[in-house]
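The values are calculated or read from the model by the stated rules, or taken from the named source; none is laboratory data. The model shown is predicted, which means the values in this text are computed figures rather than measured ones. Reconstructed Cβ throughout: ideal geometry from the backbone, glycine too, with neighbour counts over all protein chains shown.
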Amino acid sequence: MLILGIETSCDETSCALLWGDRDVLSNVVSSQVEVHRPFGGVVPEIASRKHMEWILPVIREALGKAGRSMDQVEGIAVTQGPGLVGSLLIGLGVAKALAFARKLPLVGVHHLAGHIAAAYLEDPGLRPPFVALVVSGGHTALYHVKGEESFSLLGQTRDDAAGEAFDKVAKLLGLGYPGGPVIDKVAREGDPKALRFPRAMSKGQGLDFSFSGLKTAVLTYLRDSTFLPLSKGALADLAASFQEAVVEVLVDKTLRAARKCKVGRVVAAGGVACNTRLREHFSAKAREEGLEVLFPRPSLCTDNAAMVARAALGPLERGEGVLDLSMNARSRWPLGVRENWLP
Ligand code: KG4
Ligand code: ZN
């Protein structure tokens, strides 16, 4: 089956062509990072306008790169939510128009199910059950993935997402936007033990996360620092110590979840899963516990349409894709049933 995937939930305009369950024929991502950089974050109104300008060229480019035409497409997958409503509506509108014009089945995909589905593209042999950590700019959540379309929510952030913490701290440090990649780079020169930042909710508080206190701790440290502006070395130490605090909590809770769910495999997905230190620490800790850890490659971790197409494969193959013109964007949309668990 040839699936055309569309993703426009935040600030990446993306279209992909997926053949079968693993052949990504093209995965075009047009990032708006440069457009939003002067504002230090995504401006929703500008994001939706850019999606509108870029979506058709991006779809044409994806078809061209895959060497396929619309006549060959057998199903359409589009991110229905959660995300910025104005951005989601552009992808959804185009997907509905294409499905209507071509009489094709359409499936609305949950963005986080998409991030998790990236793992099946990375390793086509991967089968549930496993535990998935989804860490992005908008989400930090742990899922027990019981089947490709069956998720239990084990824990989530109570305030900021991990990626949001990276972005906010980078802003405090004057490192620019987006913060994740730049902190990752600067931290490589620093000592992660130089400063001890809090590991929020790390002891006996279930599998939820909290990152806003960590951001405040960095702010307080900067406010009280008598050596401003920070030297290059001090900045690197600060970035590395902050990153270590985020990484330790993420890894610790994911491994706890794996023990609770008695699974042998964990997956880390979403933009923050690109982080070098997270990958390194996760792999080392998982090895100690005899667990396998899988990271999709960075281009499949950040927002992309190939993961969206893969998440729709089951419903499309079962003939469950329908063109419902009243299908609406869901800016807030929980995934899976919450499982409450305290140690
Ligand atoms: O999944 P994604 O592309 O978009 C959302 O769904 O939010 O994730 C974007 C987030 C941003 O907060 C960005 O700073 C973070 O992922 N990120 C990273 C790294 N690369 C991207 N965070 C830490 N280390 C990285 N290398
Ligand atoms: Zn995302």
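Among the candidates 230, 250, the residue that is hydrophobic (A, V, I, L, M, F, W, C), in contact with a Leu (Cβ under 7 Å, 6 or more places away or on another chain) and at pLDDT 95 or above is uniquely 250.
Step by step: first the residues of segment 178-220, then only those that are in a loop (DSSP other than H, G, I, E, B) and within 19 Å of the chain's Cα centre (by Cα), then the one that is modelled with the lowest pLDDT. Which residue is that? Across segment 178-220, the extreme among qualifying residues is 178. Scanning for something of a type in the set (A, V, I, L, M, F, W, C), under 23 Å from residue 84 (Cα atoms) and surrounded by fewer than 16 Cβ atoms within 10 Å (Cβ to Cβ), does segment 291-310 turn up at least one residue? Scanning segment 291-310 turns up no residue that is of a type in the set (A, V, I, L, M, F, W, C), under 23 Å from residue 84 (Cα atoms) and surrounded by fewer than 16 Cβ atoms within 10 Å (Cβ to Cβ). The residues on offer are 91, 75, 40, 5, and the sole one that is more than 30 Å from residue 156 (Cβ to Cβ) and among the small types (Gly, Ala, Ser) is 75.
Note on segment 7-27: residues that are under 12 Å from residue 307 (Cα atoms) and part of a strand (DSSP E or B) total 10. Looking across segment 171-192, the residues that are more than 6 Å from ligand 1 (Cβ to nearest atom) and surrounded by 24 or more Cβ atoms within 10 Å (Cβ to Cβ) come down to 183, 187.
Just one residue in the set 155, 137 is more than 16 Å from ligand 2 (Cβ to nearest atom), in contact (Cβ under 8 Å) with a residue 40 or more places away in the chain and in contact with a helix residue (DSSP H, G or I) (Cβ under 8 Å, 6 or more places away or on another chain); that residue is 155.
Identification of helices (runs of 4 or more DSSP H) wholly contained in segment 255-343 with 2 or more residues that are within 16 Å of ligand 2 (Cβ to nearest atom), at pLDDT 95 or above and under 29 Å from residue 17 (Cβ atoms) yields 298-301, 305-311. Of the set (1) within 16 Å of ligand 2 (Cβ to nearest atom); (2) in contact (Cβ under 8 Å) with a residue 60 or more places away in the chain, all apply to residue 72 but (1).
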